[in-house]
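Okay, structure first, notes after.
The values are calculated or read from the model by the stated rules, or taken from the named source; none is laboratory data. Predicted model, so just to flag it, every value in this text is computed and none were measured. Backbone-built Cβ (ideal geometry, glycine too); neighbour counts: all protein chains shown.
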Amino acid sequence: MSAGPIWAAVETEIRTMENNMDWRCRAVTVDPKNTSRIRIACRDEDEHRLVKKVAEAKIGTEVRVLRGELYLIKVDSVNKAAVLDETDEIRVGAAAAFSEENEATVAKIAWLSRKESAKAYGSMAVYLTKGTDARRFLADGFFHAVGESGVTSAFDYRPCPMQCYNCQELGHKSFQCKNV
């Protein structure tokens, strides 16, 4: 399926749904690296939710709508007991509890510090669904976790080097190894 019919279907449906005959898609683009992936640019998060709902309903079953973008922040000085249970796994319902406490939508959380460490405090990564919430936490500098406040900062993603597990060399993966 190409970008043209998707653009027409989404625009037509939103015009009839919202009773807004002047509404137009901001942009519909084709990913240059993967031509089967089509992106629809939206003006704000409310429009993004509406376009996603329409795309899932109208485009068809052979088309898969990708999940929304998640915004990542790092929170330091978080109580380990508030995030991890006795088996050092993320507590069930922790993301929902943090969402309610911080008045934001937390999609998921990940513990960044060593789980087996005896330290009572550590760092966690918080995945938020709204960019405005992420900007708010970064501007405020604090994220609440079970009555205590952790210090927020932008998450600095550091990719690991590609290493082959057959020959232990860097720069390729084991399925590409020519040294076997």
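Scanning the range 102-131 for residues that are charged (D, E, K, R), surrounded by fewer than 16 Cβ atoms within 10 Å (Cβ to Cβ) and over 16 Å from V83 (Cβ atoms) yields a count of 1. Those residues that are within 21 Å of the chain's Cα centre (by Cα), among the polar types (S, T, N, Q) and modelled with pLDDT of 80 or more, I need them from the range 7-43; list them, please. Across the range 7-43, the qualifying residue is only T29. Kindly evaluate A134 against the criterion of being at pLDDT below 90, crowded, with 16+ Cβ neighbours inside 10 Å, in contact with a strand residue (DSSP E or B) (Cβ under 8 Å, 6 or more places away or on another chain) and not aromatic (F, W, Y). The answer is no for A134. Filtering the range 138-173 to residues that are assigned to a loop (DSSP other than H, G, I, E, B), among the polar types (S, T, N, Q) and surrounded by 11 or more Cβ atoms within 10 Å (Cβ to Cβ) leaves only N166. So, V92, is that one outside the structural domain of V146 (by TED's automatic domain parsing), free of Cβ contacts under 8 Å to residues at least 60 places away in the same chain and more than 17 Å from the chain's Cα centre (by Cα) or not? No.
The residue that is surrounded by the fewest Cβ atoms within 10 Å (Cβ to Cβ), counting only those in the range 4-35 that are charged (D, E, K, R) and touching a Cys at 6+ places or on another chain (Cβ under 9 Å), is R26. Within the range 115-131, being in contact with a strand residue (DSSP E or B) (Cβ under 8 Å, 6 or more places away or on another chain) and modelled with pLDDT of 90 or more holds for A120, Y121, G122, S123, M124, A125, V126, Y127, L128.
Taking the criterion of being touching a residue at least 24 places away in the same chain (Cβ under 8 Å) and either closer than 13 Å to V75 by Cβ or among the aliphatic types (A, V, I, L, M) (or both), the residues of the range 95-107 that qualify are A97, F98, E101, N102, A104, A107.
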